[in-house]
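Shown next, in C-alpha cells, is the structure this report addresses.
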Amino acid sequence: MALVPLAVVGADIFGKARSRPGGMRWDKAKMDTAIYDDCVFWSAFSYDDGTNVYDLSDEQNDGILGATTHAPTYVAEDNGGYYSFDGSDYIDFGSDSSLRSTTNITVQCWVYFSGPISDGSTMLSCYEFSDGRNGYRLKINADVVDVGKAGFSIGSGDGINYSSGFDAASSISSNQWYLITGTFDGAFTRLYVNGVVVDANAAEVTITYAIVNNTFVGKNPDSTAMTPEYMSGIIDDVSIHRTSLSSNQIYQAFIDGRQ
C-alpha cells in the first residue's frame, strides 16, 4: 500500500536542515501547504532501527518502541513499511506540548485488521480516564455489543467523553485498509472513515490534559476498565495536526494514500 508520498531529495525542501535516518524527508511539493504547515506529528513508518520511530514534521516528536515483548513488528515494503501490533504492543511518542492542542486538532492513521477486530483496539491515544477524562483518542469501541465501530473522543476534565463515531456508520471490517480520522474544531468532534465524515457531535469545550498524558500509537494506557487497551492489527502513516482539517483535505489524504 502506498501512503502519502515521500521523496529522497538532494535539496533541503524545508529551507533548513531536516535530514532524518534513511534519507527520509517530506516531499512538500506533493502536499497541501495548509496540511504541511499545521502538522505537528507525522510518522510514515518508512524506517525502523529497532528502537526509535521518527517524526518527519518540524517538531521531531520521535517515539520509542515498547520495551522487549511490547514492541510492534516492523514489516518493510518497497515503498515504506508499517507496524503490526499483537494486542500488547505500543509506541510511545512522549508528552511534548506540540501534541496537546486544546481547541483545534486532527488525528489520523491507516489501519488494517487481518483477523477478528478486538474491542477496545486503540490506534492513537493521548488520553487519561481516571483523572476526569482528559485528552483525545482514536480507537475501536470497547463495548462488545458494538465491536468493530471506530470512534474519536476528547475530554475536558469534566468526566464526560465528547465523541463521534462508535456506531453503525463507523463500522469497519477485517482484511481492508481504512483511513480513520478524528477532528475537533472547538465546537464539534467529527469522525471520518476513508475520507468521508460519518458522524459529528457538538462539543463546545476545551481539551484538557493530565500531567501523565503521553501520546501512544497502539495503546490507550488508561481506559474505562482502568487497564490498558491495545491494538491488534496494523497501523501506518500516523499524523497529528494543530488544526481541524477540512473535509476536502481529509478526502484528499485518503485519495493520496490509495496511490
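Values as computed for the structure displayed
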quantity	calculated
Those residues of region 228-259 which are farther than 16 Å from Phe41 by Cα and either part of a loop (DSSP other than H, G, I, E, B) or of a type in the set (Phe, Trp, Tyr) (or both), in sequence order	Pro228, Tyr230, Met231, Ser246, Tyr251, Phe254, Arg258, Gln259
Residues being hydroxyl-bearing (Ser, Thr, Tyr), under 25 Å from Cys39 (Cβ atoms) and touching a strand residue (DSSP E or B) at 6+ places or on another chain (Cβ under 7 Å) - total across region 63-98	6
Region 84-116, subset touching a Gly at 6+ places or on another chain (Cβ under 7 Å) and aliphatic (A, V, I, L, M), residue farthest from Leu56 (Cα to Cα)	Val111
Filter pass, Ala169 being in a helix (DSSP H, G or I), out of contact with any His (no Cβ under 7 Å at 6 or more places or on another chain) and surrounded by fewer than 22 Cβ atoms within 10 Å (Cβ to Cβ)	yes
Subset of region 231-259 that is surrounded by fewer than 23 Cβ atoms within 10 Å (Cβ to Cβ) and among the hydroxyl-bearing types (Ser, Thr, Tyr) - its residue that is modelled with the lowest pLDDT	Ser232
Unmet requirement for Ser153, which otherwise passes all of (1) assigned to a strand (DSSP E or B); (2) in contact (Cβ under 8 Å) with a residue 40 or more places away in the chain	(2)
Options Asp131, Asp167: the member that is in contact (Cβ under 8 Å) with a residue 60 or more places away in the chain and either polar (S, T, N, Q) or farther than 20 Å from Ser232 by Cβ (or both)	Asp131
Selection status of Thr33, modelled with pLDDT of 90 or more and over 15 Å from the mean Cα position of the chain (by Cα)	no
Complete set of residues in region 188-210 that are in a loop (DSSP other than H, G, I, E, B) and either crowded, with 19+ Cβ neighbours inside 10 Å or under 18 Å from the mean Cα position of the chain (by Cα) (or both)	Asn194, Gly195, Ala203, Val205, Ile207, Thr208, Tyr209, Ala210
Subset of region 207-230 that is at pLDDT 80 or above and hydroxyl-bearing (Ser, Thr, Tyr) - its residue that is nearest to Thr103 (Cα to Cα)	Thr208
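Per-residue answers, yes or no, for (1) buried (at least 22 other Cβ atoms within 10 Å of the Cβ); (2) outside any loop (DSSP other than H, G, I, E, B); (3) of a type outside the set (Asp, Glu):
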site: Phe41; (1), (2), (3): yes, yes, yes
site: Gly50; (1), (2), (3): no, no, yes
site: Gln60; (1), (2), (3): no, no, yes
site: Ile64; (1), (2), (3): no, yes, yes
site: Ser101; (1), (2), (3): yes, no, yes
site: Cys126; (1), (2), (3): yes, yes, yes
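The values are calculated or read from the model by the stated rules, or taken from the named source; none is laboratory data. It should be emphasised that the depicted structure is a prediction, and the values quoted were computed from it without experimental measurement. Note: ideal-geometry Cβ built from the backbone for every residue, glycine included; neighbour counts use all protein chains shown.
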